Structures are given as C-alpha cells and as structure tokens.
1. Is it the case that GLY259 is farther than 25 Å from LEU120 by Cα and either under 24 Å from the mean Cα position of the chain (by Cα) or at pLDDT below 90 (or both)?
2. Given the condition surrounded by 14 or more Cβ atoms within 10 Å (Cβ to Cβ) and closer than 24 Å to PRO143 by Cβ, answer yes or no: does some residue in segment 223-235 qualify?
3. Would you check if there is a residue in segment 215-230 being more than 23 Å from ALA153 (Cα to Cα) and part of a loop (DSSP other than H, G, I, E, B)?
4. Which members of segment 51-92 meet the condition of being at pLDDT below 75, charged (D, E, K, R) and surrounded by fewer than 18 Cβ atoms within 10 Å (Cβ to Cβ)?
5. Pull up segment 177-222, narrow it to residues that are in contact with a strand residue (DSSP E or B) (Cβ under 9 Å, 6 or more places away or on another chain) and surrounded by fewer than 18 Cβ atoms within 10 Å (Cβ to Cβ), then point me to the one that is farthest from ARG242 (Cα to Cα).
6. Looking at (1) at pLDDT 50 or above; (2) in a loop (DSSP other than H, G, I, E, B), find the lone condition where GLY316 falls short.
7. What residue, of SER245, SER299, is exposed (fewer than 13 other Cβ atoms within 10 Å of the Cβ), of a type outside the set (Lys, Arg) and at pLDDT 80 or above?
8. Going through segment 126-148 one residue at a time, which ones are under 25 Å from THR273 (Cα atoms) and touching a residue at least 60 places away in the same chain (Cβ under 8 Å)?
Amino acid sequence: MATQNGSGGAVVRTLITLVAAGVAAVVGFLLFVVVPDRATAFGVLLALLVGLVGARVGQQVASRVLPGYNVAEVAVEGPISRSGRGPGPTRSRGTPADDVVDQIEAADDDDNADALLLKLNTPGGEVLPSDDIRLAAAAFDGPTVAYATDTCASGGYWIASGCDELWARETSVVGSIGVIGSRVNAKEFADDLGLQYERFAAGRYKDAGTALKEVSDDERAYLQGLIDDYYDHFVERVAEGRELSPDLIRDTEARVYLGEQAFELGLVDRLGTRDDVVEHVEDLLGTDVSVATFEPQRSMRERLSIGAESVAYAVGAGIAGRFGEEGELTIRL
C-alpha cells in the first residue's frame with residue numbers, strides 16, 4: 001500500500017476532482033430533479049450520490065494523469081527476521097522481511113516510482129532475510145538511496161550494500177559488520193533438575209550446539225567454522241556493494257561508529273537528514289520529488305494479534321516457547 005506524502009500536483013488533482021464532482025452533480029440534478037419537474041428529497045439525494053460518484057471517478061482519473069509521487073520509500077525498522085520478531089526476552093518486533101521485499105517489488109513495478117528511498121533503523125538480524133531485502137533493493141530499476149536514522153547495524157548494513165548510496169546522521173550508529181552465534185547452555189540447570197540428555201542421532205554433528213549437553217572441542221570448532229563462513233560472505237557482499245576494501249571492513253572488527261566517524265572511514269557516503277536525501281534525489285532525477293511511503297496493509301485482526309502477543313509475552317506467556325527456540329544455536333547479523 002502506498003501512502004502519498006508529497007504535495008506536488010495536489011492543487012491540480014483537487015481541481016480535477018472538484019470539476020468532475022460538479023459536472024456529475026449537475027447531471028444528476030437534471031436527471032432526477034429538473035426532468036421529473038419536481039424537487040423531491042429522493043431526487044435531490046440521488047443527485048448528491050451521482051456527485052459523490054463523480055468525485056470518486058475524478059479522483060482516480062487525476063491520480064492517473066497526475067500521480068502524486070515519483071519516489072517510493074520503504075522502511076526497514078526493528079530486528080530483521082522472517083516473522084518480524086527479534087531474539088531475546090524483549091521480543092521486540094519489526095516488519096517481517098518478506099513484507100519489506102514485497103513493498104520494494106511493488107515500488108519497482110509502479111511506473112510512478114522513479115527512485116527508491118530505503119529508511120534503515122535496525123540493529124540487524126537473521127542472515128537470509130537480510131539478504132533477501134538487499135537483493136530486492138539491488139534489483140530496483142532506478143536510483144536507490146538508503147539512509148540511516150538511529151541505527152544501521154549489521155544486517156542493516158548488509159541491506160545498505162545493495163543500494164547505490166548510504167546516508168546517515170552525524171550521530172547515527174553505523175557498522176557492526178560481523179556475525180554472532182549463540183546458544184543457551186542449560187547442562188547444569190538440567191543436572192540440578194535430574195534431567196539427562198540422551199542422544200539419538202545420525203550424523204556426528206547433528207546435535208552440535210544442543211543446550212542440554214556440553215559442547216566438545218571439535219563441535220565448537222565446527223560451529224565456529226560456520227560463523228566464519230558467514231562472516232567471509234558478509235565481508236564479500238559489503239566490499240562488492242559498497243566498493244570498499246575487504247581489509248578495511250575486517251579492520252573494523254565489527255565495531256559500531258557514529259555517523260561522522262563512519263563517513264570518515266568511508267562506510268557512509270554522505271551525512272544529512274532525510275530532507276537532504278530528498279534534495280539529493282531531486283538532483284539525481286532532475287525534477288521535483290514527491291515521496292510515497294510503501295507499507296504493508298494489515299487487517300485489524302493482524303494488528304490486534306500483534307498487540308495481544310506482546311502483552312502475553314510481557315506477563316510470561318512466552319517463556320516456555322522461547323526456551324525451546326533458544327535451546328539451539330542461533331546465528332544472526
């Protein structure tokens with residue numbers, strides 16, 4: 001769903017809508033009041049309804065003839081995951097990655113959208129969902145400019161590597177180009193409860209990282225190797241997309257930087273506000289810019305479900321479920 005933020009052509013579109021409504025109302029008045037030669041309340045009501053229909057038609061025609069936007073904006077906010085739910089006990093929520101991809105693709109299919117703004121305010125998240133968003137941004141047919149608000153870290157920076165440019169505020173938090181894997185070690189807790197892990201598995205490393213047993217040295221090396229492989233891939237993608245030296249990226253050692261420092265290191269192309277970004281896109285397109293926000297359309301049921309889930313987890317309803325999820329090794333950017 002696109003929500004128009006810009007005002008370019010708004011006056012002309014309004015005039016077209018009013019003219020269409022006026023013409024339709026006159027036609028309705030002639031048909032239902034003048035021709036029958038009696039000004040009944042029902043006839044007047046029908047004339048008004050015809051006028052409203054005319055206004056609606058005029059609005060649609062005006063939107064096609066004079067679209068209210070020429071730039072699409074899509075936001076990536078909160079933790080990046082397939083479901084939109086973040087890790088840890090707070091279970092903070094962001095927009096599901098598939099929804100973000102859908103909105104970018106909708107903008108790409110929209111003939112009105114000549115450029116894409118990607119708003120980034122995320123601490124990162126899961127690997128593949130982040131890459132899906134990066135690929136969608138890279139496939140957009142037109143200039144793509146990412147801009148960081150509060151935070152553009154880890155998976156957020158991975159996404160930015162698929163855009164033509166990355167902007168940030170002077171005090172935005174940028175970087176954390178690294179990968180982390182984690183698991184809950186519940187062995188001692190299980191021992192206290194008198195629980196024992198009994199293994200039934202085919203394949204030496206099938207249960208590597210299981211919470212109820214200690215990790216052996218070779219399992220630890222195996223799991224660390226997975227993290228290292230993900231990190232190498234991360235560095236390659238960022239180096240290619242941002243045209244940076246892999247050594248420079250590795251030298252950051254997954255640190256985060258304020259926007260000004262990130263700019264000095266070359267991790268950010270320019271510093272500025274969203275207004276500055278919009279002015280820059282105007283220069284790129286050579287015309288005035290009007291921005292429409294593309295965001296998923298949620299039903300009332302979905303919104304209530306999200307709210308109820310958050311409340312339920314806050315009072316402890318999700319403890320058992322999270323224990324099960326965190327029992328395995330989790331890898332995220």
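1. Numbers: farther than 25 Å from LEU120 by Cα: no; either under 24 Å from the mean Cα position of the chain (by Cα) or at pLDDT below 90 (or both): yes.
Taking the combined requirement at face value, the residue does not satisfy it.
2. Taking every residue of segment 223-235 in turn, none turns out to be surrounded by 14 or more Cβ atoms within 10 Å (Cβ to Cβ) and closer than 24 Å to PRO143 by Cβ.
3. Yes - at least one qualifying residue is present in segment 215-230.
4. Within segment 51-92, ARG56, ARG64, ARG91 qualify.
5. At the first step, the residues of segment 177-222 found to be in contact with a strand residue (DSSP E or B) (Cβ under 9 Å, 6 or more places away or on another chain) are 177, 179-183, 209.
Adding the requirement that they be surrounded by fewer than 18 Cβ atoms within 10 Å (Cβ to Cβ) leaves 180-183.
Details: ILE180: 22, GLY181: 25, SER182: 28, ARG183: 32 Å.
The extreme case among them is ARG183.
6. It fails just one condition, (1).
7. That would be SER245, the only listed residue that is exposed (fewer than 13 other Cβ atoms within 10 Å of the Cβ), of a type outside the set (Lys, Arg) and at pLDDT 80 or above.
8. Answer for segment 126-148, where residues must be under 25 Å from THR273 (Cα atoms) and touching a residue at least 60 places away in the same chain (Cβ under 8 Å): SER130, ARG134, ALA138, PRO143, VAL145, TYR147, ALA148.
The values are calculated or read from the model by the stated rules, or taken from the named source; none is laboratory data. Note that the structure is predicted; figures quoted are calculated from it, not measured. Cβ: placed from backbone, ideal geometry, glycine included. Neighbour counts: every protein chain shown.
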